[in-house]
Structures are given as structure tokens and as C-alpha cells.
Amino acid sequence: MFKFETINNKKILKSNLLTNVQHFFTTRESVITCRDLQALKPLCDNNLKAIADYLNIPVENIISPQQTHSSNIKIAAVGEQYPDTDALVVKDNNIAIALNFADCTPVILFDEKNNIGAIAHAGWRGTAAFIVPKTIDFMCDNFSTEPENITAVIGPAISMNNYQVDAEVFNKIRSTLKNEYNDYFIHDKSANKYNVDLKTVNLHQLKELGVKRIDLCSYCTYDAVDVFFSYRRENGKTARHSAVLKLK
């Protein structure tokens, strides 16, 4: 279950399932990444400072990668640059990680047993390239994580009703699942296109890996454009909301 709270009187979204780690999704009010809307930069700077104060860390300890819809995964560290990176793993409780979204699916992962966290950026390319399973494999290989100890939070993203892809893209997405499901797509036979719910695809990927505690956000970024940012709804000219994670 998700609920809205505030930082400096600005709305953020949290999951009730994650209680032993600091996490949230920013909104239009609490935006920290302006991207194509440079007029928002002063607001972003102020919000970033307020969030750093809320997390009790310096602004420079909030680490964001340069996302390119890849399946590349890195461990976050202060002072490092992360080009071509779409998942960050955090092991240090003195830093936070923040990845940015505007329709793509944000997935927060937390291994409470080992106190290791991660955020993955799962658009259709990342989803087709197994970005979330690869991030879990990375955590298992490097930090002895076991999938059954992971809590996953799938954040706000575009819904099936508003996201249509061609058959080639759909087949790439479908091939990531071991089992057959009919709850993540609708086939428009007249156009041979598919409406796809990437949140549900990532849900199935997580379950197939053995992750049992999963919170799935119902918010559609396209429909809730008054709260979040939508690349498709705003024709590519928009800012980004962020998924933020800091270990305790």
C-alpha cells in the first residue's frame, strides 16, 4: 500500500511495505530533476537541499547515474560518475541513490538481512534486457543476497491503457518471462499492436526469481500527470520524478 507524505511541505509517495529503509518517490511538488524544463531548476535545487536535510546527508551524497535505458549496474559511491547506468546498488548508509523517471517503471529493492538496497530503471528496453533480475543477481553475487530476503517496491509508471508497442517490442518483453500470463497486455489485432503494463511484467519477473514481498503502485503517470511527470503525455518535454533510497 502506498501513501503520500511530505518533505518541507512538498508531496512524496512511500510504500508501507518498506519500513526499515528510507525511500520515497518525488512528485511535481518535490521534483529534483528538471531535464527539459529548465525553469524548474531553482525549485529542483531547493527541493534537493530539503531532501538532503531530511536524509541528514550532504547534497553531494545523493548519487544519480546517467540513465540510457541500458542494463548496466554499478555500486554507488560519492564522487564517482555513472554514465550509461540504469541501476545503482547502495551499501553505504551515508549516501542515497536517486534514479529518474517519466513513465518508465521504477523498482526499489531492499535486502533487510544484509542491509543492501538498489533502484532499477525499467523502461521497455530495460525490462526486455532483464534490468531488475540482473540487479538482483548482482546483489546475490556481491553481497550474498537471497531473493526471498528482498522486498521490492514497483513505483508509479505508465499503465497498460496508455502504453502501446509494436509486435517486435512486445515479443522482446514477453520472452523475459518463463511462464505464460495474460494480465500484462491487450492485443489490438486490427493494428497488430499491444498495450503493455510494464509494472506487471516486472512483477512477474520478480516472482519468478523468488521475490515474495512486492508492493505494486497503482498510479499511472500518464493519467496522474498532475502529480507525476509523463514523457508520453507531455510529448517528451518534461521533468522527471525520482525514486530515492537511503539505508538506515
Which whole-Hz ³J(HN,Hα) couplings does the stretch 184-199 yield from phi under the Karplus relation 6.51 cos²θ - 1.76 cosθ + 1.60, θ = phi - 60°, glycine and proline marked x? 10, 8, 10, 8, 8, 5, 5, 10, 6, 10, 10, 7, 10, 9, 5, 4
Quick one: which of 149-156, 193-200 comes out on top by average Cβ neighbours within 10 Å, and what's the full order, highest first? 149-156, 193-200
Amide H within-cut-off set for residue 193, under 5 Å, with H built and near neighbours excluded: 188
In debye, nearest 20: dipole of the chain around its Cα centre with unit charges on the Cβ of K, R (+) and D, E (-)? 300
Give the lysines whose C-alpha is closer than 19 Å to that of residue 189, dropping any in the same chain fewer than 8 places away, or say none. 172
Percent antiparallel among DSSP beta bridges confined to the stretch 100-220, rounded to 5, stands at 80
Which of these, 185, 228, 24, has the largest mean-square fluctuation under a Gaussian network model of the chain (Cα springs below 10 Å)? 185
Listed by chain and number, the residues whose amide H is under 5 Å from that of residue 214, excluding neighbours fewer than 5 places away on the same chain and using placed H, are 152
Rg/Rh over Cα atoms for the stretch 110-206, Kirkwood Rh, comes to 1.03
How much FRET efficiency would the formula 1/(1 + (r/R0)^6) give for residue 141 and residue 84, where r is the Cβ-Cβ distance and R0 is 25 Å, rounded to 0.05? 0.80
Just to be sure I understand: of the beta bridges DSSP finds with both ends in the stretch 1-147, what percent are antiparallel, rounded to 5? 80
At 4 °C in a medium of viscosity 1.567 mPa s, the stretch 1-127 has a Stokes-Einstein diffusion coefficient, with Rh taken as the Kirkwood radius over alpha carbon pairs, in µm² per second, of 86
Spelling out what I want: for every residue of the stretch 216-228, take phi, set θ = phi - 60°, compute 6.51 cos²θ - 1.76 cosθ + 1.60 (Karplus), and round to whole Hz; glycine and proline get x. 10, 6, 8, 5, 9, 5, 5, 6, 9, 5, 6, 10, 10
Beta bridges by DSSP in the stretch 2-247, antiparallel share as percent, to the nearest 5: 80
Can you list residues from other chains, or at least 5 along the same chain, whose modelled amide H is less than 5 Å from the amide H of residue 163? 196
Among the stretch 224-239, those whose backbone N falls under 19 Å of a label point 7 Å along Cα→Cβ from residue 191 are 231-236
Karplus 3J(HN,Hα) series, Hz, for the stretch 108-121 with 6.51 cos²θ - 1.76 cosθ + 1.60 (x for Gly, Pro): 9, 10, 9, 9, 5, 4, 9, 6, 10, x, 7, 10, 10, 9
Largest fluctuation, 95, 108, 119 only, Gaussian network model of the chain with Cα springs under 10 angstrom, belongs to 95
Compare 111, 226, 137 in a GNM of the chain, Cα atoms joined below 10 Å, and give the one with the largest fluctuation. 226
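Coordinate-derived values only; no laboratory data. Small disclaimer: the values here were computed from a predicted structure and weren't measured. Neighbour counts run over all protein chains shown; Cβ positions are idealised from the backbone, glycine included.
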